[in-house]
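Remarks on the structure that follows.
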Amino acid sequence: MDFSWPPAIRDNTPEPRPGDLRAGDVDRDRVAEVLNDALADGRLTHDEHEERLEQLYRTRTLGELAALTADLLPPEEQPLRTDVRPVTAFFGSEERSGRWVVPTRYSATAVCANVTLDLREALLQSRHITLQVTVMAGTLTLIVPEGVRIEMPASAVLGGKKNQVPPSPDGPVIEITGLVSLGSIVAKSPKRPRRSWFRR
């Protein structure tokens, strides 16, 4: 996860739209990989590939980068996503993962369904994210890297709330509000790789 916030946010001025956030080298590398794959399998000609690469290294924002691959992959496979529409699942499952922008206020709904929000590679739009949830007979799983603090003031009616994320007093805060009924919310960090007992 990227813990750097735009100056506009630190200065308490209106936050930029997700597509207006500055792109980093990691974001450009992700897009370049998609462009190279498209050249290799014939979706782009050599001239088109060269033109998009030139645009790639002139881009400044995530929105400009996203436009370079919009016609190459379906939305769920894009190398980065600035779409901040809520996640909603009814009688199924939904997942949001990869490089995506988490807005200051975000919502997720799981009704007889499972929703997974994987924030390990996400870009937080501010240091305090409010996640409004509605979980009914379902499960919402939040995966975050170390260094994030989770708060769960959400109401639980015959439901469960489990925070497995180690506390971090100085990190960004994700506050989970809303209602859990006959379901559960689980916040966790990815498992660390096991250390071998044997030395080579």
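Throughout, read-outs are computed from the coordinates displayed, never taken from laboratory work. Computed from a predicted structure; not experimentally measured. Note: ideal-geometry Cβ built from the backbone for every residue, glycine included; neighbour counts use all protein chains shown.
Among the chymotrypsin sites (Phe, Trp or Tyr not before Pro) in segment 70-149, which ones are in a DSSP loop with at most 11 other Cβ atoms within 10 Å of the Cβ? Mind listing them?
Loop-located and lightly packed - F91.
Which is the longest run of the chain containing none of the GluC sites (Glu not before Pro) found in DSSP loop states (not H, G, I, E, B) with at most 16 other C-beta atoms within 10 Å?
1-120
Subtracting the Cα-Cα distance from 0.36 nm times the residue separation, let me have the gained length for E121 to E146 in nm, one decimal.
Gain on extension, E121 to E146, equals 7.8 nm.
Which value results for Rg/Rh of segment 106-184 when Rg is the Cα radius of gyration and Rh the Kirkwood radius based on the inverse mean 1/r?
Looking at segment 106-184, the ratio lands at 0.95.
Using a basic spin-label model with each label point 7 Å from the Cα along Cα→Cβ, how many nm lie between V157 and D41?
4.7
Ignoring everything except DSSP H segments at least 4 long, calculate the 222 nm mean residue ellipticity for the chain; use -39,500 (n - 2.57) per segment, divide by total residues, nearest 500.
-5500 deg cm²/dmol
Given 0.36 nm per residue, what is the gain on full extension from E50 to V26 after removing their alpha carbon distance, in nm? Write out the running numbers ahead of the final one.
Numbers: separation 24, 0.36 × 24 = 8.64 nm, distance 1.96 nm.
Full extension from E50 to V26 adds 6.7 nm.
Restricting things to alpha carbons, find the Rg to Rh ratio for segment 1-157 using the Kirkwood radius for Rh. Mind showing how you got there, number by number?
Working: Rg = 17.4 Å, Rh = 17.1 Å.
For segment 1-157, the value is 1.02.
What are the residues whose amide H is under 5 Å from the amide H of T61, where those residues sit 5 or more places off or on another chain and H is modelled from the backbone?
For T61, whose amide H was placed from the backbone, the distant partners under 5 Å are A23.
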